[in-house]
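This is the structure, below, for whatever I ask next.
The values are calculated or read from the model by the stated rules, or taken from the named source; none is laboratory data. Here the structure is a predicted model, which means the values were calculated and not measured. In this analysis, Cβ positions are derived from the backbone assuming ideal geometry, glycine residues included, and neighbour counts consider all displayed protein chains. Just the protein is used for accessible areas: all its heavy atoms, side chains included, with ligands, DNA and RNA removed. Shrake-Rupley method; radii C 1.70, N 1.55, O 1.52, S 1.80 Å.
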Amino acid sequence: MADVTRYDNFIDGQWVASNRYEPNINPSDLSDVIGDYAQADAGQVQAAIDAARRAFPAWSTFGIQARADALEQVGLEILARRDELGTLLAREEGKTLPEAIAEVVRAGNIFKFFAGECLRQAGETLPSVRPGVSVEITREPLGVVGLITPWNFPIAIPAWKIAPALAYGNCVVIKPAELVPGCVWAIAEIISRAGFPAGVFNLVMGHGKEVGEAIVGSRQVDAVSFTGSVGVGRGIAQACVARGTKVQLEMGGKNPQIVLDDADLDVAVELCTQSAFYSTGQRCTASSRIIVTDGIYDRFVAAMTARVGRIKVGSALAPGVDVGPVVSAAQLEQDLRYIALGKQEGARLACGGERASGATEGYYLAPTLFVDSTADMRISREEIFGPVANVVRVRDYEAALAMANDTEFGLSAGICTTSLKYANHFKRHAQAGMVMVNLPTAGVDYHVPFGGRKGSSYGPREQGRYAQEFYTTVKTTYIG
Ligand code: NAD
């Protein structure tokens with residue numbers, strides 16, 4: 001058997017070996033081990049937090065040009081290595097190579113964007129209500145931020161937390177998802193050569209129970225930014241709020257995609273297919289809830305069933321594949337449980353419903369479409385997070401809007417219509433952080449705010465200039 005490379009944690013500017021390593025396995029080919037990744041213990045997490053604390057005074061007042069140059073260098077190297085890093089991402093997470101390369105490009109552009117933000121940190125000066133006094137409003141970094149990320153965007157989500165954290169002068173301790181440590185390790189390696197002082201950026205890999213809880217439980221961590229599931233997020237929020245630590249959560253979704261009678265049928269089928277099945281349906285902005293009005297329902301279901309049947313499932317790295325494998329055995333089991341539940345609940349299985357085979361042994365699942373389902377079924381209400389979608393028939397736009405909003409989540413919501421009246425009404429009344437008109441619910445820009453409402457998000461938005469709301473604190477100074 002070929003030797004497997006070991007990848008260490010990065011603490012205080014040094015690569016630090018661990019007592020324990022876990023394999024990172026390719027979900028398209030279970031015989032392919034990408035590497036063995038260090039599992040940090042509590043002592044290493046503490047060492048990373050201590051290093052970040054020591055580095056903070058100098059980094060928070062570091063020259064903005066040097067800070068911008070370092071971030072720019074990270075972004076440019078990520079972009080230059082897009083094919084190599086895209087291959088790593090496709091191998092460890094299972095999205096197809098073109099999707100993976102696009103995610104790497106997004107990550108590179110995020111670092112470049114926040115390099116620019118280093119030079120655009122403006123304050124305000126106002127006259128005071130007291131004669132002879134003026135007021136200055138400025139932003140300052142928070143200190144040490146703990147970043148905890150999920151497996152479904154192994155490079156973009158870490159990038160959209162690391163880059164603003166560093167740009168606004170904070171020091172970072174990051175824990176990537178245990179299923180996909182490779183991409184964040186690659187970012188750490190790039191950062192280690194990009195001119196950041198030791199301790200400004202620290203990587204501790206491992207499981208949530210050990211490493212995640214040690215970060216969240218530390219009094220020396222000033223803020224925590226988390227993306228992941230609702231259950232874990234709520235627990236993190238409780239721990240942070242209990243000791244007054246700033247916290248930001250991006251969590252699940254059950255994003256509605258409405259198709260109205262007046263929609264262009266081909267556009268509707270294509271964007272619903274994109275929303276529901278691409279990236280194996282493993283996007284927090286995916287739509288697994290397609291709400292279709294009566295007049296177009298039968299035509300839509302026939303065309304969508306045919307389209308989903310043509311999706312090519314296979315290895316993430318194979319050319320011509322539309323949809324890669326599910327990320328892990330546990331996620332595959334969850335998807336199959338929901339498929340069984342959908343059948344039990346009385347939804348009609350139009351397509352898929354079983355495991356698919358590939359050229360190698362992997363977690364392949366046939367894209368699964370339920371139709372004639374109802375709004376109260378669990379498959380219509382709960383996040384499945386796989387290539388499983390269902391279609392619900394409604395009377396008209398008003399019923400579609402009510403159903404779209406009848407959820408505990410509120411991340412992304414889409415409508416497919418040629419009516420300006422309905423598009424405008426939906427834009428205003430959809431209870432979601434992001435609204436899509438004639439576009440898939442998934443697929444967002446990197447320079448504008450990202451986030452949701454209700455159970456999907458907690459705290460300020462991520463990305464774009466709005467990221468400063470979380471990564472800085474406001475100071476008001478009175479000058480007499
Ligand atoms: P998860 O909650 O299982 O894990 C997320 C991260 O939290 C991982 O790094 C994990 O190790 C860590 N973690 C687990 N338990 C922890 C604990 N007790 N304390 C501290 N950290 C802990 O989520 P996942 O399965 O990796 O990701 C899928 C979920 O992420 C889905 O619900 C999806 O909707 C959500 N997601 C949301 C967004 C968004 O922006 N809204 C984006 C991507 C994914």
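Among the residues of region 136-156 satisfying the criterion of being polar (S, T, N, Q) and within 16 Å of the ligand (Cβ to nearest atom), which is nearest to Q282 (Cα to Cα)?
Only one residue fits best here, namely N152.
I've got another one for you. May I ask you to say which residue of V145, V133 is in the same structural domain as I101 (by TED's automatic domain parsing) and either among the small types (G, A, S) or farther than 30 Å from K95 by Cβ (or both)?
So the residue among V145, V133 that is in the same structural domain as I101 (by TED's automatic domain parsing) and either among the small types (G, A, S) or farther than 30 Å from K95 by Cβ (or both) is V133.
Output yes when any residue across region 117-135 is assigned to a helix (DSSP H, G or I) and touching a Phe, Trp or Tyr at 6+ places or on another chain (Cβ under 7 Å), and no when none is.
no
For the structure I just gave you, tell me whether A198 is touching a Gly at 6+ places or on another chain (Cβ under 9 Å), small (G, A, S), over 25 Å from M403 (Cβ atoms) and assigned to a helix (DSSP H, G or I).
no
So how many residues does region 361-381 have that are open to solvent by 10 Å² or more (accessible area, probe 1.4 Å), over 23 Å from the mean Cα position of the chain (by Cα) and closer than 25 Å to F426 by Cα?
Final tally of qualifying residues: 6.
Going by the structure shown, is A359 free of Cβ contacts under 8 Å to residues at least 40 places away in the same chain and away from the ligand (no atom under 16 Å from the Cβ)?
The answer is no for A359.
List every residue pair whose Cβ atoms lie under 9 Å apart, where the two residues are 6 or more positions apart in sequence or sit on different chains, the first residue falls within region 416-430 and is assigned by TED's automatic domain parsing to the domain that holds V292 and farther than 12 Å from L260 by Cα, and the second residue, located anywhere, is open to solvent by less than 20 Å² (accessible area, probe 1.4 Å) and assigned to a loop (DSSP other than H, G, I, E, B).
A430/G410
Here is a list: S275, S279. Which entry is closer than 10 Å to P440 by Cα, in the same structural domain as A375 (by TED's automatic domain parsing), open to solvent by less than 30 Å² (accessible area, probe 1.4 Å) and modelled with pLDDT of 95 or more?
The unique qualifying residue is S275.
Can I ask one more? Quick one: would you say G206 is farther than 28 Å from P449 by Cα, in contact (Cβ under 8 Å) with a residue 24 or more places away in the chain and part of a loop (DSSP other than H, G, I, E, B)?
Judged against the criteria, G206 is a match.
Among the numbered criteria (1) surrounded by fewer than 16 Cβ atoms within 10 Å (Cβ to Cβ); (2) within 28 Å of the chain's Cα centre (by Cα), which single criterion is violated by G346?
(2)
Does region 190-213 contain at least one residue that is within 16 Å of the ligand (Cβ to nearest atom), touching a Leu at 6+ places or on another chain (Cβ under 8 Å) and open to solvent by 10 Å² or more (accessible area, probe 1.4 Å)?
Looking through region 190-213, none of the residues is within 16 Å of the ligand (Cβ to nearest atom), touching a Leu at 6+ places or on another chain (Cβ under 8 Å) and open to solvent by 10 Å² or more (accessible area, probe 1.4 Å).
Right, here's the next one. Does any residue of region 173-191 turn out to be within 30 Å of Y478 (Cα to Cα), assigned by TED's automatic domain parsing to the domain that holds A80 and either within 23 Å of the chain's Cα centre (by Cα) or β-branched (V, I, T) (or both)?
No: region 173-191 contains no residue that is within 30 Å of Y478 (Cα to Cα), assigned by TED's automatic domain parsing to the domain that holds A80 and either within 23 Å of the chain's Cα centre (by Cα) or β-branched (V, I, T) (or both).
Quick check, is G295 open to solvent by 20 Å² or more (accessible area, probe 1.4 Å), modelled with pLDDT of 95 or more and within 16 Å of the ligand (Cβ to nearest atom)?
Spelling it out, it is not the case that G295 is open to solvent by 20 Å² or more (accessible area, probe 1.4 Å), modelled with pLDDT of 95 or more and within 16 Å of the ligand (Cβ to nearest atom).
Right, next: Can you tell me which residue in region 227-249 is nearest to the ligand (Cβ to nearest atom), limited to those that are open to solvent by 10 Å² or more (accessible area, probe 1.4 Å) and in a strand (DSSP E or B)?
The selected residue is T227.
Continuing with this model, one more query. Looking at A263 and the list (1) in the same structural domain as A42 (by TED's automatic domain parsing); (2) in a loop (DSSP other than H, G, I, E, B); (3) in contact with a Cys (Cβ under 9 Å, 6 or more places away or on another chain), which single condition is not satisfied?
Evaluating A263 over (1) in the same structural domain as A42 (by TED's automatic domain parsing); (2) in a loop (DSSP other than H, G, I, E, B); (3) in contact with a Cys (Cβ under 9 Å, 6 or more places away or on another chain) leaves (1) as the failure.
Condition check ((1) within 16 Å of the ligand (Cβ to nearest atom); (2) modelled with pLDDT of 95 or more; (3) within 17 Å of the chain's Cα centre (by Cα)) across all residues:
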{"position": "E383", "(1), (2), (3)": "yes, yes, yes"}
{"position": "A400", "(1), (2), (3)": "no, yes, no"}
{"position": "N405", "(1), (2), (3)": "no, yes, no"}
{"position": "M436", "(1), (2), (3)": "yes, yes, no"}
{"position": "T441", "(1), (2), (3)": "yes, yes, yes"}
{"position": "Q463", "(1), (2), (3)": "yes, yes, yes"}
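Considering only region 50-68, I want to know if a residue exists there that is farther than 23 Å from A165 by Cα, surrounded by fewer than 18 Cβ atoms within 10 Å (Cβ to Cβ) and of a type in the set (D, E, K, R).
no
Something else: Considering (1) within 16 Å of the ligand (Cβ to nearest atom); (2) in the same structural domain as R91 (by TED's automatic domain parsing); (3) of a type outside the set (A, V, I, L, M), say which one P325 fails and leave the rest.
(2)
If I ask for residues that are of a type in the set (D, E) and free of Cβ contacts under 8 Å to residues at least 40 places away in the same chain, which ones from region 96-129 would you list?
Residue satisfying the conditions is E124 alone.
Cβ-Cβ distance below 6 Å, separation of 6 or more or different chains: which pairs start in region 173-192 with a residue that is without any contact (Cβ under 8 Å) to a residue 40 or more places away in the chain and end on one that is assigned to a strand (DSSP E or B)?
Matching pairs, first to second residue: I174/L147; I174/L203.
Taking region 1-53 as the region of interest, how many residues are closer than 18 Å to V211 by Cβ, within 24 Å of the chain's Cα centre (by Cα), assigned to a loop (DSSP other than H, G, I, E, B) and small (G, A, S)?
Summing the residues that are closer than 18 Å to V211 by Cβ, within 24 Å of the chain's Cα centre (by Cα), assigned to a loop (DSSP other than H, G, I, E, B) and small (G, A, S) in region 1-53 gives 1.
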